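The values are calculated or read from the model by the stated rules, or taken from the named source; none is laboratory data. What you are looking at is a predicted structure, and each value in this text was computed from that prediction instead of being measured. Here Cβ is always computed from backbone atoms with ideal geometry, including for glycine, and neighbour counts include all displayed protein chains. Accessible surface areas use protein heavy atoms only, side chains included; no ligands, DNA or RNA. Shrake-Rupley method; radii C 1.70, N 1.55, O 1.52, S 1.80 Å.
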Amino acid sequence: MTEGDELHDVVVVGAGFAGIAMGVALKASGRDFLILEKADEIGGTWRENRYPGCACDVPAHLYSFSFEPNPYWSKTFADADEIQDYLLYCVEKYALRPHLRTDATVQHARYDAATGVWTVTVASAWGELRQLRARALVLGVGALHEPVVPDLPGLETFEGELRHTATWDRGLSVQGRRVGVIGTGSSGVQIIPPLAEDAAHLTVFQRTPAWVLPRDNTDYSEATIDRFERHPMVMRAHRTQLRATHDARGRAFTDHPGLLRAMQLRARRHLAAAVSDPTLRERLTPGYTMGCKRILLSDDYYPAMARPDVTLATDAIERVEPRAVVTADGTRHEVDFLVLATGFDPIGSYRYLGVTGLDGRVLGQEFAHDAQTYLGVTVPAFPNLFVLLGPNTLLGHTSVLLMLEAQVALTMRLLDERDRRGARAVQVRPEVVPGFMAEIDRRSEGSVWESGCHSWYLDDAGRNRTLWPGSVREYERRLTRPELVDYTFG
Ligand code: NAP
């Protein structure tokens, strides 16, 4: 272990959208900072998810930083490569490379109450351990980072190729292979159509059908791109309009679930247009209210499911054998390539980071029990710690980057206030948190997310600990004009 005396004003963990947004703000402020990234390149989820069909289901002009509009988005919904290129561009434009350390995995971080400083232990890709210190720690580790590998009997005996969507390699080919995909969430419906094209046969193992709406992904014409480039105001107006339509949808989740039932009709028509077999249609029709799980957008998912060389298996998976998946009805589905589109553990990243605050409290353990935060950013007993895109700050209807930018603004404001007051530490008052969590619970109670389906939005106790149950505007207001009395500076 190298015990350096490297001290930074701020250490940011993760170089995805969150770490980069934080880096841009820190750079502008002139503060000293370091971004630690465990992979060999920036990008987070957009670097990591390389499966065929991977794309964002939020329009690109909304799923980009407000401070870095990009006239060149090629189509409404950008694919993973285009988003990764955008992030690489941001890193260069805002000169973040000198502040970035890749191949640097944070193993643990411990807060010292006497000094207000975090000691961070970092492992390099070649196994060297190094300690550094920080006057503030910002976690931008992402909720969609730790893949869920289902606990299926016999999975370890499978002899074919086994891949989670998040561990896909570019060179992988399913050409001529019998492929099975487990899972029909966002990742599943994206990967299924291209796999159906290439595989000898595809079996889709569906536990719960998804509500799927048309995607209508259209290319921006050269003339439009040219107009956006020459008239940034026009591009901003386009973003504003996208934002307004998406914001309006958000109200349906918490206040007007009836509107979602109306949208179900559109989804049913979308299904009927592609799938003529009434039995298959029935099996692909969800039994829960739309929005309880993430609403999916796809134009090629249902046509793929209607192909003669695609089988839909809806009986529970009983076991996995070396070359087959056996379902509860006794069918042996022979596969030599098995894809797990089984999602992520939203607090998985915190579980693996050993972040220890006051009184030996470990963040991952706290979050596993009940992710109690204040506005998703600060956590009682964890001074000088800021969480980006943390619990109760994700969204089901629009761009999370709006939330992220508000969180970055709050973090900067609290750091500035701490320093202005000559304090060592800033932390949320513990007595503020129960009221905030009660508000989250109360506002989630009537929401569609708690209307009876199983999803990664809910924790083991069935509480919403993932999504923000209000409008983005309200969240922005609360973070950009914070109540400083809710924090202690000492
Ligand atoms: P997900 O939404 O959690 O879906 C996981 C799927 O795997 C579900 O269909 C689930 O079935 C199934 N599953 C899990 N364990 C299983 C088991 N033991 N047996 C059978 N089926 C099992 O995960 P995801 O599709 O990776 O998406 C996660 C989130 O990532 C999304 O909600 C979205 O926020 C984000 N994402 C976004 C995009 C995008 O376009 N922006 C793309 C990909 C992902 P049940 O429904 O029955 O649980």
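Table: residues versus (1) surrounded by fewer than 21 Cβ atoms within 10 Å (Cβ to Cβ); (2) in contact with a helix residue (DSSP H, G or I) (Cβ under 8 Å, 6 or more places away or on another chain).
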| residue | (1), (2) |
| --- | --- |
| Thr393 | no, yes |
| Gln407 | no, yes |
| Leu415 | no, no |
| Asp419 | yes, no |
| Phe436 | yes, no |
| Ser451 | yes, yes |
| Trp456 | yes, no |
| Asp459 | yes, no |
| Gly462 | yes, yes |
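Just one of (1) at pLDDT 95 or above; (2) within 16 Å of the ligand (Cβ to nearest atom); (3) not assigned by TED's automatic domain parsing to the domain that holds Glu318 trips up Gly140, so point out which.
Gly140 satisfies every listed condition except (2).
Sort out for me the helices (runs of 4 or more DSSP H) sitting completely within the range 214-324 that have 2 or more residues that are free of Cβ contacts under 8 Å to residues at least 24 places away in the same chain.
222-230, 232-254, 257-274, 278-283
Would you mind finding the one in Arg269, Arg307 that is touching a helix residue (DSSP H, G or I) at 6+ places or on another chain (Cβ under 6 Å), modelled with pLDDT of 95 or more, of a type in the set (Lys, Arg) and not assigned by TED's automatic domain parsing to the domain that holds Thr76?
Of the residues listed, the single one that is touching a helix residue (DSSP H, G or I) at 6+ places or on another chain (Cβ under 6 Å), modelled with pLDDT of 95 or more, of a type in the set (Lys, Arg) and not assigned by TED's automatic domain parsing to the domain that holds Thr76 is Arg307.
So which residues in the range 1-49 are among the aromatic types (Phe, Trp, Tyr) and open to solvent by less than 10 Å² (accessible area, probe 1.4 Å), if there are any at all?
Across the range 1-49, the qualifying residue is only Phe33.
Which of the residues that make up the range 148-157 are of a type in the set (A, V, I, L, M, F, W, C) and open to solvent by less than 20 Å² (accessible area, probe 1.4 Å)?
Passing the criteria: only Leu155.
Please enumerate the residues belonging to the range 164-183 that are open to solvent by 10 Å² or more (accessible area, probe 1.4 Å), under 20 Å from the mean Cα position of the chain (by Cα) and of a type in the set (S, T, N, Q).
Once the filter is applied, which keeps residues that are open to solvent by 10 Å² or more (accessible area, probe 1.4 Å), under 20 Å from the mean Cα position of the chain (by Cα) and of a type in the set (S, T, N, Q), the range 164-183 yields only Thr167.
Given the structure, is Asp359 out of contact with any Ser or Thr (no Cβ under 7 Å at 6 or more places or on another chain) and assigned by TED's automatic domain parsing to the domain that holds Arg207?
Judged against the criteria, Asp359 is not a match.
Just checking, how many residues over the range 328-349 are at pLDDT 95 or above and more than 10 Å from the ligand (Cβ to nearest atom)?
12
Quick one: count up the residues across the range 347-372 that are out of contact with any Gly (no Cβ under 9 Å at 6 or more places or on another chain), assigned to a loop (DSSP other than H, G, I, E, B) and open to solvent by less than 40 Å² (accessible area, probe 1.4 Å).
Total satisfying the criteria: 2.
Looking only at the range 184-216, which residues are more than 12 Å from the ligand (Cβ to nearest atom) and open to solvent by 50 Å² or more (accessible area, probe 1.4 Å)?
Of everything in the range 184-216, those that are more than 12 Å from the ligand (Cβ to nearest atom) and open to solvent by 50 Å² or more (accessible area, probe 1.4 Å) turn out to be Glu197, Asp198, Ala200, His201, Asp216.
Of all residues being within 30 Å of Thr488 (Cβ to Cβ) and in contact with a helix residue (DSSP H, G or I) (Cβ under 8 Å, 6 or more places away or on another chain) in the range 89-133, which is most open to solvent (accessible area, probe 1.4 Å)? Just the residue, please.
Only one residue fits best here, namely Ala113.
For the structure I just gave you, tell me whether Thr373 is within 28 Å of Gly116 (Cβ to Cβ), in contact with a Lys or Arg (Cβ under 7 Å, 6 or more places away or on another chain) and away from the ligand (no atom under 16 Å from the Cβ).
No, not satisfied.
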